[in-house]
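Novice: I'd like to ask some things about the structure below.
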């Protein structure tokens, strides 16, 4: 049956996360952007909440309730608080979810218990490359077989790198296939360089240079089953789409509230159609984009190929998040341009969706 | 739960109406676009005899409710939006009767649509030359004649969809909005059922339009047109002498303007679904034609290889699907009996504009093929535009959405 009501359990989770985002993320948004730091206490509290662990297998200490749809609902709420902090809070899933989905029994046993139990992030994922035409499906970073193991060469960027990262899942082209390799963060030939971007400044990001990085044969995610990881791209896009909807909603609500309070010519500017209609369009576009993200997530949960739906959702969100954030800056006028208010931060964050791939997963 | 999985009934209905769209409607699409005011007899007869009872399905099985109605509307408008509007049904007039009529009125006015031996139509007449979106400004009057227990209607209505069929073919009816007291503003506006052929109701013209040409858009004149008091939709007004409290006399207004506006919450998702149907006709054809020309669309293309064409088509697909999902959400809320005024207007605003742009883009991308009358792509562009106008223009729906999200009354946000 075609329905649009989250389950009771999902509603409960959404309410909890919304409260968490309002009390823990939003108040830190400006300060952590300025200092370009994610407070470690925040990650500890997020870990207590079990946002990532909840979707990981029970046998390794997780909650066992995996759902891309629930993940999308959570992602939107967190990003409504703050995008950079949301990405940080969800970062443990970057390694944990692919291992849970594609890993061998040995890989799961070696990595999942720690990823689930340890509050400090112990894993990350590297997909995007520092090129104008970074291609999620066909990375230039290549993996070639060598003496029973693999050798990785290439470069990655936009890799979340929180304190305590021990392994990075490097996505590379192995022949025609998109393969993943679990690389220790201190591997020889791996060069880690901190980066800074226009937005998501609170999230520690690094560039990775891979110069003949050697890993053993069992470092390939899924081992001898050699799984193609293209499905991860869709999982990333759905998660990012949901985050983008959260950013847009944050911008919309700020603009709406400001427009009702800001007086011009003796009345709130929200009483002028030029402003009111802009806000109406924002609300419509946000809801439409959210439903596209939900549909793609729903398809993932059915175990179906969601390449198309995820592509449509992220396509829409890239436009909507940017337009809505830009609209919020415009509604705030000069105040939107100064760092005393959040719209300028949201605009910088929203632009990121144009190049983000697999910075989160559902 | 959140689900995009249609019920078996919806799946069956979709297939059934799609076949009708392709086999019954498409072959005569061009013919009735060109013969603007001709009655599409083969379609009207087909619908009346074979499709009136609805799609086959299980009466007891799970239903998507109003979402299924949207799916039907989408499929039929995928066939031809103008022929859809010409279907012999109670249409918007029926929605008004169903939403605001008493049980007795529903039975009296809607039964003929089940039992008549010939095709009949229903219609709603709201718009006047100087009152479109501002429907509270309508000038058509209704005066009560106590001597005969009748209402006398006077005024001129324009842009009445299906107005020819509804006013001229015995058994049908036109729901007419009129004011019983101009000093009351919108509170004085009531709706009246005027049966076809009622003396005093005259069909004076049919519009020649950009698109949806097979749809009869009528101008109706009412001159001392008399209808029984029982044709005022909703609770009949009691004579003042019998009223027990002062407010009782105004109770006729309960379902007056507000009730009539509530019909829009039900009809806007359907109009949005109709828009999506036209948009899909255009987009599906575009993608098929590109396929025939060897252009495959990729959702995982390398960024430097993505063509402008692919990007446009992905955009059109995302826009169409966003419109469709907003429409289904509004319809789903209706099924659950939840207020959907905001969501209905969101769906209508999104679908009307998205489909206007999609169909225009399809003509552009197909070049001379799209512009040519050999195909229907140019017709779909002309047909699509009305969706951003009727049943509330883009702007009036933006206004409704804006008032809702800002929590402003109509006097706070004009």
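The values are calculated or read from the model by the stated rules, or taken from the named source; none is laboratory data. Quick caveat: nothing in here was measured; it's all calculated off a predicted structure. As a convention, Cβ positions derive from the backbone with ideal geometry for all residues, glycine included, and neighbour counts pool all protein chains shown.
Novice: Among the residues of region B:280-307, how many are away from every other protein chain (no Cβ under 14 Å) and crowded, with 17+ Cβ neighbours inside 10 Å?
Specialist: 7
Novice: Looking for whichever is crowded, with 20+ Cβ neighbours inside 10 Å and under 15 Å from residue A:213 (Cα atoms) here; the options are A:192, A:151, A:168. Which one fits?
Specialist: The match here is A:168.
Novice: Filter region B:384-414 down to the residues that are more than 9 Å from chain A (Cβ to nearest Cβ) and within 19 Å of residue B:343 (Cα to Cα) and list them by number.
Specialist: B:387, B:388, B:389, B:390, B:391, B:392, B:393, B:394, B:396, B:409, B:410
Novice: Name the residues in region B:114-128 that are surrounded by 12 or more Cβ atoms within 10 Å (Cβ to Cβ) and either without any contact (Cβ under 8 Å) to a residue 40 or more places away in the chain or closer than 18 Å to residue B:229 by Cα (or both), would you?
Specialist: Once the filter is applied, which keeps residues that are surrounded by 12 or more Cβ atoms within 10 Å (Cβ to Cβ) and either without any contact (Cβ under 8 Å) to a residue 40 or more places away in the chain or closer than 18 Å to residue B:229 by Cα (or both), region B:114-128 yields B:127, B:128.
Novice: Can I ask one more? Spot the failing condition for residue A:336; the list is (1) buried (at least 22 other Cβ atoms within 10 Å of the Cβ); (2) closer than 29 Å to residue A:65 by Cβ; (3) away from chain B (no Cβ under 12 Å), and only one is missed.
Specialist: Exception for residue A:336: condition (2).
Novice: A further question follows. Could you please find all residues in region A:98-145 being touching a helix residue (DSSP H, G or I) at 6+ places or on another chain (Cβ under 8 Å), surrounded by 15 or more Cβ atoms within 10 Å (Cβ to Cβ) and either within 14 Å of chain B (Cβ to nearest Cβ) or part of a strand (DSSP E or B) (or both)?
Specialist: A:123, A:124, A:125, A:127, A:134, A:135, A:136, A:137
Novice: Suppose we keep only residues that are under 18 Å from residue B:122 (Cβ atoms) and away from chain A (no Cβ under 14 Å) within region B:50-73. Which one would you say is surrounded by the fewest Cβ atoms within 10 Å (Cβ to Cβ)? Before the answer, list the steps.
Specialist: Going through region B:50-73, the residues under 18 Å from residue B:122 (Cβ atoms) turn out to be B:51-54, B:69, B:72-73.
Filter again for away from chain A (no Cβ under 14 Å), leaving B:51-54, B:73.
Details: B:51: 19, B:52: 15, B:53: 8, B:54: 12, B:73: 24.
Per the stated criteria, the residue is B:53.
Novice: Here is a follow-up. Scanning for something without any contact (Cβ under 8 Å) to a residue 40 or more places away in the chain and in contact with a strand residue (DSSP E or B) (Cβ under 8 Å, 6 or more places away or on another chain), does region A:285-306 turn up at least one residue?
Specialist: Initially, region A:285-306 is screened for residues without any contact (Cβ under 8 Å) to a residue 40 or more places away in the chain, giving A:285, A:287-288, A:295, A:299, A:302-304.
With the extra rule that they be in contact with a strand residue (DSSP E or B) (Cβ under 8 Å, 6 or more places away or on another chain), the set shrinks to A:295, A:299.
Yes: one or more hits.
Novice: What helices (runs of 4 or more DSSP H), lying completely within region A:245-362, carry at least 3 residues that are under 26 Å from the mean Cα position of the chain (by Cα)? Give the derivation first.
Specialist: Details: elements: A:273-301, A:307-332, A:334-337, A:343-351.
Hits in region A:245-362: A:273-301, A:307-332, A:343-351.
Novice: Let me ask you something else. Which residue pairs have Cβ atoms under 8 Å apart, sit 6 or more places apart or on different chains, and have a first residue in region A:255-272 that is more than 23 Å from residue A:80 (Cβ to Cβ) and facing chain B (nearest Cβ under 10 Å) and a second that is at pLDDT 95 or above and in a helix (DSSP H, G or I)?
Specialist: As it stands, the answer is A:268/A:259; A:268/A:260; A:268/A:261, since those pairs meet every condition given.
Novice: When you scan region B:27-49, do you find a residue that is within 14 Å of chain A (Cβ to nearest Cβ), over 20 Å from residue B:121 (Cα atoms) and at pLDDT 95 or above, even just one?
Specialist: Among the residues of region B:27-49, not one is within 14 Å of chain A (Cβ to nearest Cβ), over 20 Å from residue B:121 (Cα atoms) and at pLDDT 95 or above, which makes the answer no.
Novice: Filter region B:308-332 for residues that are more than 16 Å from residue A:310 (Cα to Cα), free of Cβ contacts under 8 Å to residues at least 40 places away in the same chain and more than 8 Å from chain A (Cβ to nearest Cβ) and give the result. Let's see the steps before the verdict.
Specialist: From region B:308-332, those more than 16 Å from residue A:310 (Cα to Cα) are B:308-309, B:312, B:323-324, B:326-332; that's our starting set.
If we keep only those that are free of Cβ contacts under 8 Å to residues at least 40 places away in the same chain as well, we get B:308, B:329.
Of everything in region B:308-332, just one residue is more than 16 Å from residue A:310 (Cα to Cα), free of Cβ contacts under 8 Å to residues at least 40 places away in the same chain and more than 8 Å from chain A (Cβ to nearest Cβ), namely B:308.
Novice: For residue A:241, state whether it is within 14 Å of another protein chain (Cβ to nearest Cβ) and buried (at least 24 other Cβ atoms within 10 Å of the Cβ).
Specialist: Working: within 14 Å of another protein chain (Cβ to nearest Cβ): yes; buried (at least 24 other Cβ atoms within 10 Å of the Cβ): yes.
Answer is yes for this residue.
Table: residues versus (1) modelled with pLDDT under 95; (2) in the same structural domain as residue A:128 (by TED's automatic domain parsing); (3) over 19 Å from residue A:239 (Cα atoms).
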residue	(1), (2), (3)
A:15	no, no, no
A:19	no, no, yes
A:36	no, no, yes
A:44	yes, no, yes
A:55	yes, no, no
A:66	yes, no, no
A:78	no, no, no
A:100	no, no, no
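Novice: Looking only at region B:335-352, filter to residues that are surrounded by 21 or more Cβ atoms within 10 Å (Cβ to Cβ) and more than 9 Å from every other protein chain (Cβ to nearest Cβ); which one of those is farthest from residue A:6 (Cα to Cα)?
Specialist: Once the filter is applied, the top-ranked residue is B:352.
Novice: Hey, another quick one. Can you tell me which condition residue A:224 does not meet? The list is (1) modelled with pLDDT of 95 or more; (2) assigned to a helix (DSSP H, G or I); (3) within 30 Å of residue A:98 (Cβ to Cβ), and all the others hold.
Specialist: Going through the list (1) modelled with pLDDT of 95 or more; (2) assigned to a helix (DSSP H, G or I); (3) within 30 Å of residue A:98 (Cβ to Cβ), residue A:224 breaks only (1).
Novice: In region B:353-383, which residues are crowded, with 22+ Cβ neighbours inside 10 Å and within 14 Å of another protein chain (Cβ to nearest Cβ)?
Specialist: B:354, B:355, B:358
Novice: If you don't mind, there's one more thing I want to ask. Restricting attention to region B:304-313, does a residue exist that is outside any helix (DSSP H, G or I), out of contact with any helix residue (DSSP H, G or I) (no Cβ under 7 Å at 6 or more places or on another chain) and more than 19 Å from residue B:69 (Cα to Cα)?
Specialist: yes
Novice: Can you tell me which of B:32, B:46 is farther than 21 Å from residue B:387 by Cβ and outside the structural domain of residue B:269 (by TED's automatic domain parsing)?
Specialist: Answer to the check: B:46.
Novice: Check residue A:127 against each of (1) more than 17 Å from the chain's Cα centre (by Cα); (2) modelled with pLDDT of 95 or more and name the one condition it does not meet.
Specialist: (1)
Novice: Of all the strands (runs of 3 or more DSSP E) wholly in region B:153-208, which have at least 2 residues that are surrounded by 21 or more Cβ atoms within 10 Å (Cβ to Cβ) and more than 19 Å from the chain's Cα centre (by Cα)?
Specialist: On the way: elements: B:173-179, B:189-195, B:201-206.
Once the strands (runs of 3 or more DSSP E) in region B:153-208 are filtered for at least 2 residues that are surrounded by 21 or more Cβ atoms within 10 Å (Cβ to Cβ) and more than 19 Å from the chain's Cα centre (by Cα), what remains is B:173-179, B:189-195.
Novice: A further question follows. Here is a check on your reading of the model: is residue B:144 assigned by TED's automatic domain parsing to the domain that holds residue B:167, more than 15 Å from the chain's Cα centre (by Cα) and in a helix (DSSP H, G or I)? Please lay out each step first, then the result.
Specialist: On the way: assigned by TED's automatic domain parsing to the domain that holds residue B:167: yes; more than 15 Å from the chain's Cα centre (by Cα): yes; in a helix (DSSP H, G or I): no.
Answer is no for this residue.
Novice: While we're looking at this one, here's another question. Checking the conditions here, which among A:29, A:22, A:36 is more than 14 Å from chain B (Cβ to nearest Cβ) and within 30 Å of residue B:4 (Cβ to Cβ)?
Specialist: A:22
Novice: If residue B:143 passes every condition in (1) more than 26 Å from residue B:376 (Cβ to Cβ); (2) touching a residue at least 60 places away in the same chain (Cβ under 8 Å) but one, which one does it miss?
Specialist: Answer for residue B:143: the failing condition is (2).
Novice: Quick one: which residue in A:73, A:78, A:51 is within 14 Å of another protein chain (Cβ to nearest Cβ), within 14 Å of the chain's Cα centre (by Cα) and surrounded by 21 or more Cβ atoms within 10 Å (Cβ to Cβ)?
Specialist: A:73
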